[in-house]
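Here the structure is laid out as structure tokens; the discussion comes afterwards.
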Amino acid sequence: MQKIKKLHILNTLHTYKALGFEYIDDIQNINQNNNSLKSLPESLNNLESIVQSCHLCQLSKTRKNVVFGEGDINADIMFIGEGPGANEDETGKPFVGRAGELLTKIIENVLKIKREQVYIANIVKCRPPNNRVPAPEEVESCLPYLVKQISLVKPKIIITLGATAYNNLTNDKTPISKIRGEVLPFGEAKLIPTFHPSFLLRNPSAKKYVFVDMKKVKRMKDLDFRI
Ligand code: URA
């Protein structure tokens, strides 16, 4: 096996280990990361400094601001979206546009907590032009940052919003309509995929499914995550 490929595999195994995995059975399918998780810092502030000056992919050329993520650095619940849109690119903050307003309502009205009590991040930290889906090589260079964020925040529940977040974080290509609402093991955390708030803005009738999924999260929180 090529030395470089071995290195990629080693990096990815470190990624999974940092998330609490002990066994990976699909080693040939492992993503090739060119951004070593092992070399990333052990504090969110230092990690953010690195991400702020990242130029690993072409999204860095068109971004106005890096959107690192925000929230309680010890949050039990972490939301993961796809990538910044126009409002997020302007402000440097995740989920501040219409989709963000809806996400905030979901957090406050269904989970009955403040938005500041969760942690919110994205698969890619820079806006894809015209809000297109991030390209595989953009995801590949940015994903180690998110994985490091997860390993530093150590959430008990990760809620992925939409297909891009679920498919890229888990490497499972099951359609979001089939997998949403499932409680899946993810390292030491539980992962629950649900629909993206932007999808709900276009398809309000799907809100009921997200309501059901978030009620499940609320129950788990009320039981102190002993599920
Ligand atoms: N959509 C996302 O996926 N993330 C954001 O931060 C905003 C909109």
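Is it the case that some residue within the stretch 1-17 is in a loop (DSSP other than H, G, I, E, B) and modelled with pLDDT under 70?
Step one: of the stretch 1-17, the residues in a loop (DSSP other than H, G, I, E, B) are 1-2.
Among the residues that remain, those that are also modelled with pLDDT under 70 are: 1-2.
Checked against the condition, which is being in a loop (DSSP other than H, G, I, E, B) and modelled with pLDDT under 70, the stretch 1-17 yields at least one hit.
Kindly indicate the residue of the stretch 154-182 that is within 21 Å of LYS221 (Cα to Cα) and touching a Leu at 6+ places or on another chain (Cβ under 7 Å) and also surrounded by the most Cβ atoms within 10 Å (Cβ to Cβ) among those meeting that condition.
THR160
Give me the pairs: first residue in the stretch 73-89 and modelled with pLDDT of 95 or more and among the hydrophobic types (A, V, I, L, M, F, W, C), second residue part of a strand (DSSP E or B) and more than 8 Å from the ligand (Cβ to nearest atom), beta-carbon distance under 6 Å, and six or more apart or on different chains, which are they?
ALA75/TYR119; ILE77/ILE157; MET78/TYR119; MET78/ILE158; PHE79/ILE159; ILE80/ALA121; ILE80/THR160
Quick one: how many residues across the stretch 67-82 are within 8 Å of the ligand (Cβ to nearest atom) and in contact with a Leu (Cβ under 8 Å, 6 or more places away or on another chain)?
Taking the stretch 67-82 as the starting set, the residues that turn out to be within 8 Å of the ligand (Cβ to nearest atom) are 67, 81-82.
Narrowing further to those that are in contact with a Leu (Cβ under 8 Å, 6 or more places away or on another chain): 81-82.
Residues in the stretch 67-82 being within 8 Å of the ligand (Cβ to nearest atom) and in contact with a Leu (Cβ under 8 Å, 6 or more places away or on another chain): 2 in total.
Keeping to the stretch 183-194, report how many residues are surrounded by fewer than 21 Cβ atoms within 10 Å (Cβ to Cβ) and either touching a residue at least 40 places away in the same chain (Cβ under 8 Å) or closer than 21 Å to GLU101 by Cα (or both).
4
So which residues in the stretch 147-163 are more than 22 Å from SER39 (Cα to Cα) and within 16 Å of the ligand (Cβ to nearest atom)?
ILE158, ILE159, THR160, LEU161, GLY162, ALA163
Against the definition (within 16 Å of the chain's Cα centre (by Cα), over 23 Å from LYS178 (Cα atoms) and within 10 Å of the ligand (Cβ to nearest atom)), how does PRO144 come out, yes or no?
Values: within 16 Å of the chain's Cα centre (by Cα): yes; over 23 Å from LYS178 (Cα atoms): yes; within 10 Å of the ligand (Cβ to nearest atom): no.
Spelling it out, it is not the case that PRO144 is within 16 Å of the chain's Cα centre (by Cα), over 23 Å from LYS178 (Cα atoms) and within 10 Å of the ligand (Cβ to nearest atom).
Looking at the stretch 90-129 only, could you name the residues that are among the basic types (Lys, Arg), within 14 Å of the ligand (Cβ to nearest atom) and either closer than 17 Å to ARG219 by Cα or in a loop (DSSP other than H, G, I, E, B) (or both)?
LYS93, LYS125, ARG127
State whether one or more residues within the stretch 51-65 are hydrophobic (A, V, I, L, M, F, W, C) and more than 19 Å from GLU137 (Cα to Cα).
no
Pairs needed: first member in the stretch 116-140, more than 16 Å from VAL96 (Cα to Cα) and surrounded by fewer than 21 Cβ atoms within 10 Å (Cβ to Cβ); second member anywhere, at pLDDT 95 or above and of a type in the set (Ser, Thr, Tyr); C-beta distance under 8 Å; at least 6 residues apart or different chains.
PRO129/THR62; VAL133/THR164
Return the total of residues in the stretch 164-205 being more than 16 Å from the ligand (Cβ to nearest atom) and either closer than 22 Å to GLU138 by Cα or assigned to a helix (DSSP H, G or I) (or both).
Residues in the stretch 164-205 being more than 16 Å from the ligand (Cβ to nearest atom) and either closer than 22 Å to GLU138 by Cα or assigned to a helix (DSSP H, G or I) (or both): 11 in total.
The values are calculated or read from the model by the stated rules, or taken from the named source; none is laboratory data. Note that the coordinates shown come from a computational prediction; the quantities given were computed from them, not determined experimentally. Neighbour counts are summed over all protein chains in view; Cβ atoms, including those assigned to glycine, are modelled from backbone coordinates with ideal geometry.
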